[in-house]
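Peer 1: First, the structure itself, so that you have it in front of you.
The values are calculated or read from the model by the stated rules, or taken from the named source; none is laboratory data. Fair warning: this is a prediction, and the values are worked out from it, not measured in the lab. Note that we place each Cβ from the backbone using ideal geometry, even for glycine, and neighbour counts take in every protein chain shown. Quick note on the areas: whole protein, heavy atoms, side chains included, nothing else; ligands and nucleic acids left out. Shrake-Rupley method; radii C 1.70, N 1.55, O 1.52, S 1.80 Å.
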Amino acid sequence: MRRAASAALVVGAVAALLAAPTGASAATPADGVPVLPGVPADVSGLRGPVVTHPVQEPFDYAAGVVCAFPSRADFPVGDLTIRTWSDAAGNPVVAVETGPLIMRVTNLTTGRSVQRDISGSGVLTYPDPDSYILSGNDWSAGFHTGDRPQNRWIVASTFMSVRISTVAGKTGKTLLALAGPYEDLCKTLA
């Protein structure tokens, strides 16, 4: 649960937010537990879901950290819900994040800003204790110097998957997949 909530904060512009393909929705089987996109069909043996409602706080990037210019992201609309399933030891296994999120990004040098809808539902998986993977569409990730790729702020429309790892106290992102149209906010706001 701690790592699922921190996913939204660490990824920040990532907004930890993933959107299901158009028309995807949760189904409710006879036992009354909704089946959400990306959640294993059989969650027996897992505990949860534990439901949290993280708040996406505004954040700033200094010049050169992500874009060549200093930037700020704020979220005029946000109503997120995270459902997290854990193993018997309390370690997160899978989480689904849903809800509306509108992100406004501003180039602090020029004052120019754009607003993007990065709402929807997405999946967080936890392959090991030091990392998690965010996957879905209609979400955003800021890639810092040293990430792969570096110095890009991607808003994906079709699909994006990013691995976020923390090694020796340093967090880094690796783009695993990017399909379909996308935007680089560093170029848009340059």
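Peer 1: Within the range 65-90, count every residue that is at pLDDT 95 or above, open to solvent by 60 Å² or more (accessible area, probe 1.4 Å) and over 16 Å from the mean Cα position of the chain (by Cα).
Peer 2: Residues that pass the stated criteria total 3.
Peer 1: Quick one: how many residues across the range 157-181 are in contact with a Gly (Cβ under 9 Å, 6 or more places away or on another chain), open to solvent by less than 60 Å² (accessible area, probe 1.4 Å) and over 15 Å from residue 134 (Cβ atoms)?
Peer 2: Final tally of qualifying residues: 1.
Peer 1: If I ask for residues that are buried (at least 20 other Cβ atoms within 10 Å of the Cβ) and closer than 25 Å to residue 61 by Cα, which ones from the range 107-132 would you list?
Peer 2: Selection gives 107, 116, 118, 119, 120, 122, 124, 132.
Peer 1: Of the residues that sit in the range 141-156 and are β-branched (Val, Ile, Thr) and within 14 Å of the chain's Cα centre (by Cα), which one is least open to solvent (accessible area, probe 1.4 Å)?
Peer 2: 154
Peer 1: Consider residue 177 carefully, then state whether it is part of a loop (DSSP other than H, G, I, E, B) and over 21 Å from residue 55 (Cα atoms).
Peer 2: Against the criterion (part of a loop (DSSP other than H, G, I, E, B) and over 21 Å from residue 55 (Cα atoms)), residue 177 does not qualify.
Peer 1: Would you be able to say whether some residue in the range 79-101 is touching a helix residue (DSSP H, G or I) at 6+ places or on another chain (Cβ under 6 Å), over 20 Å from residue 174 (Cβ atoms) and not aromatic (Phe, Trp, Tyr)?
Peer 2: yes
Here's the yes/no breakdown for (1) at pLDDT 95 or above; (2) not small (Gly, Ala, Ser):
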site	(1), (2)
109	yes, yes
133	yes, yes
139	no, yes
142	yes, no
174	yes, yes
177	yes, no
183	yes, yes
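Peer 1: Also, I was wondering about something else. If the requirement is being β-branched (Val, Ile, Thr) and farther than 30 Å from residue 190 by Cβ, which of these qualifies: 65, 114, 93?
Peer 2: Among 65, 114, 93, only 93 is β-branched (Val, Ile, Thr) and farther than 30 Å from residue 190 by Cβ.
Peer 1: Another question, then. Could you list all residues from the range 73-107 that are acidic (Asp, Glu) and under 25 Å from residue 131 (Cβ atoms)?
Peer 2: Residues satisfying the conditions are 87, 97.
Peer 1: In addition: Please count how many residues of the range 98-153 are of a type in the set (Ser, Thr, Tyr), without any contact (Cβ under 8 Å) to a residue 40 or more places away in the chain and not in a strand (DSSP E or B).
Peer 2: Number of matching residues: 0.
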